[in-house]
Structures are given as C-alpha cells and as structure tokens.
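The values are calculated or read from the model by the stated rules, or taken from the named source; none is laboratory data. Owing to the predicted nature of the structure, the values given are computational and were not obtained by experimental measurement. Side chains are part of the model used for accessible areas, which takes the heavy atoms of the whole protein and leaves out ligands, DNA and RNA. Shrake-Rupley method; radii C 1.70, N 1.55, O 1.52, S 1.80 Å.
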Amino acid sequence: MKLLFDCDGTLIDSMGLWQKSMKELIKKSGHNLDTMSEYDRVQIESLSYADCIKYIWEHFVTGMSEKEVTAYFDNILENRYKNSIPEKKGAIETIKSLHERGYEMAVASSNSSALVKAALKRLGIHDCFKEFFTPDLTNLKKTK
C-alpha cells in the first residue's frame, strides 16, 4: 500500500508561523490581517509558496517590491523550517512505524520542496518518504 501525506498542519505544526509571518508583514504595510476576507484566506491557503507570496504582495502589501516580500518570507520560513518548527503530535512515531512496516510513502504539499525537505530532515523522517510532490518539482498546483 502507498500512502500520501500533506506536510504543513499534518506532519509539522507550521500553520501558526504562516499566519504570524503574514500578519506582521501586512501590519508593517499599514494594513490589518483581520480585515482579510474569507475569499482571500481560501485563496492564500490553496496557492503554491511562490503564488502565495505574490498574492499577499499584490493584495495587502504596499511600499515593498515583490522581491522584498519574497525575501521577507524566505528568511523567516527557511530559518524556522530548518531549525525549530515542531512535529504535529505523534507524526514522527507514526511515520517511522509505517516505514518500518514497509509502507511506501510520499509527501504532497503546496509549499516549496526546500522547506518541506528541510523540516523533515531535521525531524529525522525525510528518508521515510520515497517521493515529494510540490509545485516547484511537479509544476502542479491545487488551483487551476
């Protein structure tokens, strides 16, 4: 049997970091994340890493270039994925147990492969996964 896992919010507890990072950047730009519509929230959650950053820049950030917004997220997220984002409770034990029992596993994420792989390597479960499916590797996205 083959198993497919999402990463953010399933294997690692990273959703709060995304929210905090967006909120701080949008606040710096003079806007308020609390005024974001439900439509915007759904759009952001379904986008690839690069498209998410572009959407935030286009709709909520003023006074910064797209390149500066990308650098902002890259710096914060890369550091945290490599060094401190915790696992979701029970994820490591579950993945290791399934791997030991011979299940083939893969990760599918709208995040970047570099961030996903960095977090899973640090948590010691990267090698449990045979394949990784991310927009930067597959050119596929959750949206059209």
Problem set entry | Subset of Lys54/Lys121; Lys67/Lys89; Lys2/Lys89 violating a 32 Å alpha-carbon distance limit | Lys67/Lys89
Problem set entry | Contour minus Cα-Cα distance for Lys54 and Lys28 (0.36 nm per residue) | 7.7 nm
Exercise. Taking only Cα atoms, what is the 0 to 90° angle, nearest 10, from helix 49-60's long axis to the longest principal axis of the chain?
Worked result: 20
Exercise. Given springs between every Cα pair under 10 Å in a Gaussian network model of the chain, which of Tyr81, Tyr49, Tyr72 has the largest fluctuation?
Worked result: Tyr72
For this session: Write down the Å³ per residue value for the convex hull defined by the alpha carbon atoms of the stretch 26-110.
Result: 133
Exercise. From Cα coordinates alone, what are the radius of gyration and Dmax values for the chain in angstrom?
Worked result: 16.0, 53
Problem set entry | Angle between the chain longest axis and helix 113-122 axis [Cα atoms, degrees, rounded to 10] | 50
For this session: List the relative contact order of the chain as a percent without decimals, with contacts defined as Cα pairs under 8 Å and 6+ residues apart.
Result: 33
Exercise. Averaged per residue, what accessible surface does the stretch 102-142 expose to a 1.4 Å probe, in Å²?
Worked result: 50
For this session: Could you check how much of the accessible area of the chain is carbon and sulfur, as a whole percent, using a 1.4 Å probe?
Result: 51
